[in-house]
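Chemist: Take this structure first; my questions come after.
The values are calculated or read from the model by the stated rules, or taken from the named source; none is laboratory data. Since we're looking at a predicted model, the values are computed, not measured. Cβ placement follows ideal geometry from the backbone for every residue including glycine, while neighbour counts extend to all protein chains displayed.
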Amino acid sequence: MAEAEIDQTDEHQYFEGRAYGRPTPTTDEELVRVGPGTKGGELLRRYWQPFALADEATSKPQHVSVLDECLVLYRDGDGNPGLLYPRCMHRGTDLIYGKVEQTGIRCCYHGWVFDSQGHCLEIPTETNEKLRQRIRQPWYPVMEKFGLLFTYMGPPELQPGFPTFSLEDDLGESERIVSYRSDSGPNGPHPKLSAASDYNWWQMYDNWMDPFHVCVLHYSINGPQFSPSLGILPEVDFRETADGVISIQKRVRAEGPVQQRISQVIMPNMNCTAGVTDEELGVAGIGWTVPIDDTSYVMFGLVRIDRENPVSPPDIPMLQDHWGPDHGKPFAEWTLEDHQQWQTDYVAQKGQGDITSHSEEHLMAGDKGTALSRRFFRRQAELVASGQQPIGATPNVSYRVEILGGNALLDRETGECVAGYAATT
Ligand code: FES
Ligand SMILES: [Fe+2]
């Protein structure tokens, strides 16, 4: 069934409709799988992906999982972050037990030393230098930028340049770009994987193009979780852009300017979503929803901060350290009863299961943004599968990421922007 349409001839759904005999649920494999060789996974591998905060790479090796690959992250004495396949290519000992040295990591078993590009620098028990020089521990490149570590996990000959972001344009003296990992709050943290959420990444990514749930989940179900004005049912225009999808939401308040909020997704896994308070007028930051594996993900982001004109910390329930039915109880300790009293994006998304069954969905007009995002992603994945380049992933070329997302106030009569950021769309 095409998305955003319901098959009204489906008697099972529209007549008797009992649970008995319902079709076996299926999931859209192209969307949800992220490992090597999967359609979606190969698309995601054509882009630089953030995977850790820069200060997490230290002389103590640690496992990190990205796109369903477990890797070892460390930083050598010269300051180079290394991201290596964990099984030592000699006899397979995990390099997490290695000793980090000035120029690389030494496997604990027989002492082979590898640098951050996998070159073998030393084999204590071998004198054949030529053999040593031919050896390469599998590795991925790492780029350190904005306080984040990014990696490119695709074919080496197709590696794109590192992107530039319109968020960096005309940075004033008092302004800077700060990065974050979404460690807590509405989506987590995961009980085992710190700072991650424990379900398929698309269940989060769908949400960026779903402005209507804001008025329900974040308002009518629980009372206001964001600024009161966001509870107004918006008029929404969904549009495809050159590299993704936007939703232009207009909220007409009782008086004063119209509030405009543009949310954006940029393929394959970026989003630009502005703040959820009335004070946060202006351009949106940039976020990445990065799959750890098929059933967990982590989010990273960049925001532009002006130290001279800081936006005061929002005093709204969703953004407090400990919000919900029992202020003071960390999210990880919430019981089922707590979640039934105060529902969040977490239960709405995790409630679909570890990986949702797309065959059981019934998308309506309000889901158009979600449908457009999924279609765009599938089209891009198909390009990769047929040997072509997806948008923004030209070898050696740096793609410019244009932010359209942002909050603005529009004159009630003329529709002119009177404050904030209203991108030309
Ligand atoms: S297993 Fe790593 S050096 Fe032998
Ligand atoms: Fe939400």
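Chemist: Need the failing condition index for K99 against (1) in contact with a Phe, Trp or Tyr (Cβ under 9 Å, 6 or more places away or on another chain); (2) basic (K, R); (3) within 22 Å of S65 (Cα to Cα), just the number.
Modeler: Condition (1) is where K99 drops out.
Chemist: Tally up the residues in the stretch 374-400 that are buried (at least 20 other Cβ atoms within 10 Å of the Cβ), touching a Leu at 6+ places or on another chain (Cβ under 8 Å) and not polar (S, T, N, Q), please.
Modeler: Step one: filter the stretch 374-400 for residues buried (at least 20 other Cβ atoms within 10 Å of the Cβ), giving 374, 376-377, 380-381, 384, 390, 392-393.
Restricting the remaining residues to those that are touching a Leu at 6+ places or on another chain (Cβ under 8 Å) gives 374, 377, 380-381, 384, 390, 393.
So of that shortlist, the ones also not polar (S, T, N, Q) come out as 374, 377, 381, 384, 390, 393.
Number of matching residues: 6.
Chemist: Also, I was wondering about something else. Exactly one of (1) more than 25 Å from V66 (Cβ to Cβ); (2) in the same structural domain as V72 (by TED's automatic domain parsing); (3) in a loop (DSSP other than H, G, I, E, B) is unmet by R132. Its number?
Modeler: Unmet for R132, out of (1) more than 25 Å from V66 (Cβ to Cβ); (2) in the same structural domain as V72 (by TED's automatic domain parsing); (3) in a loop (DSSP other than H, G, I, E, B): (3).
Chemist: Still on this model: Among the residues of the stretch 355-382, what is the count of those that are part of a loop (DSSP other than H, G, I, E, B) and among the small types (G, A, S)? Let's see the steps before the verdict.
Modeler: In the first step, residues of the stretch 355-382 are kept if they are part of a loop (DSSP other than H, G, I, E, B); the result is 355-357, 361-364.
Now drop any that are not among the small types (G, A, S), which leaves 357.
Here the count works out to 1.
Chemist: For G98, indicate whether it is within 16 Å of ligand 1 (Cβ to nearest atom), crowded, with 16+ Cβ neighbours inside 10 Å and at pLDDT 95 or above. Can you show your working first?
Modeler: Details: within 16 Å of ligand 1 (Cβ to nearest atom): yes; crowded, with 16+ Cβ neighbours inside 10 Å: yes; at pLDDT 95 or above: yes.
Yes; evaluated as a whole, the condition is true for this residue.
Chemist: Could we say that D345 is closer than 28 Å to L44 by Cα, away from ligand 1 (no atom under 16 Å from the Cβ) and modelled with pLDDT under 90 here? Lay out the reasoning, then the answer.
Modeler: On the way: closer than 28 Å to L44 by Cα: yes; away from ligand 1 (no atom under 16 Å from the Cβ): yes; modelled with pLDDT under 90: yes.
For D345, the condition - closer than 28 Å to L44 by Cα, away from ligand 1 (no atom under 16 Å from the Cβ) and modelled with pLDDT under 90 - is met.
Chemist: Looking at this structure, is V290 aliphatic (A, V, I, L, M) and either surrounded by 19 or more Cβ atoms within 10 Å (Cβ to Cβ) or in a strand (DSSP E or B) (or both)? Spell out how you get there, then give the answer.
Modeler: On the way: aliphatic (A, V, I, L, M): yes; either surrounded by 19 or more Cβ atoms within 10 Å (Cβ to Cβ) or in a strand (DSSP E or B) (or both): yes.
So V290 passes the test.
Chemist: Can you list residue pairs whose Cβ atoms sit under 6 Å apart, with the first residue in the stretch 298-310 being in contact (Cβ under 8 Å) with a residue 12 or more places away in the chain and the second being of a type in the set (S, T, Y)? Count only pairs 6 or more apart in sequence or on different chains.
Modeler: What qualifies is M299/S182; M299/T289; G301/Y180; L302/S179; D306/S174; R307/S174; E308/S174.
Residue-by-condition table, conditions (1) β-branched (V, I, T); (2) part of a strand (DSSP E or B); (3) within 16 Å of ligand 1 (Cβ to nearest atom); (4) farther than 19 Å from G77 by Cα:
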site: T103; (1), (2), (3), (4): yes, no, no, no
site: H110; (1), (2), (3), (4): no, no, yes, yes
site: C120; (1), (2), (3), (4): no, yes, yes, no
site: M143; (1), (2), (3), (4): no, yes, no, no
site: L149; (1), (2), (3), (4): no, yes, no, no
site: M153; (1), (2), (3), (4): no, no, no, yes
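Chemist: Could you list, in sequence order, the residues of the stretch 230-268 that are touching a Pro at 6+ places or on another chain (Cβ under 8 Å) and either under 30 Å from V66 (Cβ atoms) or among the basic types (K, R) (or both)?
Modeler: Across the stretch 230-268, the qualifying residues are S247, K250, R251, R261, S263, M267, P268.
Chemist: For the stretch 155-185, how many residues meet the condition of being in a loop (DSSP other than H, G, I, E, B), within 18 Å of M270 (Cα to Cα) and modelled with pLDDT under 95?
Modeler: 2
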